[in-house]
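Colleague: Just dropping this structure here.
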Amino acid sequence: MTSMGKTRRMMSTGLIGAALTLTLTSPARAGETPTTAPTTVTATATATATATVTATGAGGQPAPDGQESPGWQLTPTGTDVRFRGLAPVDRRTAWAAGSKGTVLRTTDGGRSWRNVSPPGAAELELRDVEAFDARRAVVLAIGEGEASRVLRTEDGGATWTESFRNTDPRAFYDCMTFFDRRHGLAMSDPVDGKYRILATRDGGRSWQVLPSAGMPDALPGEAGFAASGQCLVSAGPRDVWLATGGGATARVLHSADRGLTWTATVSPVPAGDPARGVFGLAFRDRTHGIAVGGDYRKDQPSPQAAAVTGDGGRTWRASATPPPAYRSGVAWLPHSRSAALAVGPTGTDLTTDGGRTWRTVDTGSYDTVDCTPDGSCWASGEKGRIAVARPAR
């Protein structure tokens, strides 16, 4: 980016904000120990801090002289843990969940973050969070056996209740999704040759393992990736999709009845290795979806790292111009039928044609991304990085 000159930097860092403006105006597994009492991290109002926020803009890349980047704006989290779980509610409210049992919440658009981590959770790897508003959220801890847990808060993180603890040493939960404020699912890697699905009908207060009779057999070596909280996603009141990797092929499983019965479809995203497959999914409705993934190892290429579907996942086709490297998170831009963002350790890519072609617009490291109906997009990742992008004004 820096070698391309000022004009290229202006175009790249501005594309996210420009795309947001256009769409809004047109129709793994697996570590800063949290405090037990809530703490707040606020942006320092010094000239140095202001210059840092303004000048580093998108993914740490310098903004053009005298201009603030309308792309990703890093927010001050006050921690260096890795946030793979992200749940923005609106422009002001967002939750993030990460390593060492860390949960952060903002209610001022990321200007400050409050540490609302569950007490005694420092040994947990939190990889997914689903938030309903500024007070109610559910987080998923991953790992073998009892390391996989679900915790819930109804008071903004002041108190937490453990609503599920896995007691099967063969299960390893990866991701979670909610259809509405009451109905949700979580998925585990295969047990006895089939993915295990956990369901709630009361907003995460209680959970039950669903019958496995309607689940296709898993492929040898196949599993999900707990990389971005997007290996299990839903759209509408009943449709849900599950992303896989590690087997001979990378598949996407679909259920139209909240996880009772499933069908499996092969995707063109490369697999055939424990480090390869589909890592993240995003559906803007029950038919149009995007899959991203690749090979998460830094020294390995990731050709065909994205695919699209227009029939609810019955068929998938490779992106004509995919992202240039492994991507773990993907999100449709607010109210857009054609624009989406994909993120990974080496950058952010933008599509404006429904996932057929992608262009890198940022080189900062992020693991997951999500957008809100009122027009903001958020991304999070390693070293405490959480960023927000809003429509250019």
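Any read-out appearing in this document is the output of simple, stated calculations on the displayed coordinates, not a laboratory observation. Please read these numbers as outputs of a predicted model, since none were measured by experiment. So basically every Cβ, Gly included, is an ideal-geometry build from the backbone, and we count neighbours across all protein chains shown.
Colleague: If the only charges are +1 at each Lys and Arg Cβ and -1 at each Asp and Glu Cβ, what is the size of the charge dipole of the stretch 172-302 around the Cα centre, to the nearest 20 debye? Let's see the in-between values first.
Modeller: Values: 14 positive and 13 negative charges, 81 e Å.
I would put it at about 380 debye.
Colleague: Within the set of other residues whose C-beta is less than 12 Å from the C-beta of R276, count the net charge using Lys and Arg as +1 and Asp and Glu as -1. Display every interim value, and only then the final one.
Modeller: On the way: positive: R297; negative: E222, D273, D295.
Charge balance near R276 sits at -2.
Colleague: Can you figure out the FRET efficiency of Q208 with A248, using R₀ = 41 Å and their beta-carbon distance, to the nearest 0.05?
Modeller: Working: r = 32 Å, r/R0 = 0.78.
FRET efficiency, Q208 to A248: 0.80.
Colleague: For D285 and D192, FRET efficiency with R0 = 30 Å and r from the beta-carbon atoms, rounded to 0.05?
Modeller: Numbers: r = 34 Å, r/R0 = 1.13.
That pair, D192 with D285, gives E of 0.35.
Colleague: Can you compute the FRET efficiency between Q300 and R359 using 1/(1 + (r/R0)^6), with r the Cβ-Cβ distance and R0 = 35 Å? Round to the nearest 0.05. List each step's numbers first, then the result.
Modeller: Details: r = 22 Å, r/R0 = 0.64.
That gives a FRET efficiency of 0.95.
Colleague: What is the distance in Å between the Cα centroid of the stretch 226-286 and that of the stretch 148-211?
Modeller: Centre-to-centre distance over Cα atoms comes out at 17 Å.
Colleague: What ranking, highest mean first, results for peptides 210-216, 273-279 when packing means the other Cβ atoms within 10 Å averaged over each residue?
Modeller: On the way: 210-216: 15.0, 273-279: 23.4.
Ranking, from highest mean packing down: 273-279, 210-216.
Colleague: Between R238 and E144, what is 0.36 nm times their sequence separation minus the Cα-Cα distance? Round to one decimal in nm. Can you show the working numbers first?
Modeller: On the way: separation 94, 0.36 × 94 = 33.84 nm, distance 2.84 nm.
This chain segment gains 31.0 nm when fully extended.
Colleague: Report the net charge of residues surrounding E222, where surrounding means a beta-carbon distance below 10 angstrom and charges are Lys +1, Arg +1, Asp -1, Glu -1.
Modeller: On the way: positive: R251; negative: D189, D217.
For residues surrounding E222, the net value is -1.
Colleague: Determine the sum of side-chain charges near V343: Lys and Arg each +1, Asp and Glu each -1, restricted to other residues whose C-beta is under 9 angstrom from that of V343. Spell out each step's value before the answer.
Modeller: Numbers: positive: R327; negative: D349, D362, D367.
Every neighbour counted, the sum reads -2.
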